[in-house]
1. Under 29 Å Cα to Cα from K162, which lysines show up? Leave out anything in the same chain fewer than 8 places away.
2. Using per-residue counts of other Cβ atoms within 10 Å, averaged over each peptide, order 105-111, 129-135 from highest down.
3. Quick one: how many lysine pairs does region 1-74 have with C-alpha atoms less than 22 Å apart and a gap of 8 or more or different chains? Give me the count, please.
4. Taking a quarter of the surface of the convex hull around the Cα atoms of region 1-128, what do you get in nm²?
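Each value in this text was obtained by applying a stated rule to the coordinates, not by laboratory testing. These numbers come from a predicted model, not from an experiment. Cβ sites come from the backbone with ideal geometry, for glycine too, and all protein chains shown count toward neighbours.
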Amino acid sequence: MGQFAIPIAIASAATAAVVSYQGYQQAASQAKAAGDYNKRVYEYRAKVSEQDVEIIRRKNEQDKYYFDRDFKKYQGQTIVAYLKNGVSIEKGTPYAQLKQNYEDAQYQKDIMDYNASIGEKNAEDNALFERMTGSISQMNAYAQAQSYQYQAYSSLLTGVQKVGYYGSLA
């Protein structure tokens, strides 16, 4: 073996260990950055779902407003038609019909509220799911980064071991 073979092998092993260490450190850093980015994306999606809850609430209130407005208009037209024809609305069939119309309108508004509450709950659940997914994604990325860290330290130890071995041959 040449007189420079062992020093070259030692330098080569040390350089390989350091380069490998730096590569794994960079991979760990990138894994953490990817996990943080993914968490931010999922957090954004959760906020959008939370905004959907508010949109559903406002839409329900708007729908009920227009429903009430139309109901009052048609109920008023019905009352005017009865009165115009000389029919008393204080008792009998006209009274029962007006009362039934009112009860049906209330029932329809209850259905609107129920459907809106289902939509709100779905949006809230979606927001929660997005946040959980983001946290899991970040935890997975951090675990991957930790794995890269261990590989970085292992590469250094392997390099030290090789340098020691080649040094013992000198």
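1. none
2. Highest mean packing first, the order is 129-135, 105-111.
3. The result is 6.
4. For region 1-128, averaging the hull's shadow over all directions gives 11.5 nm².
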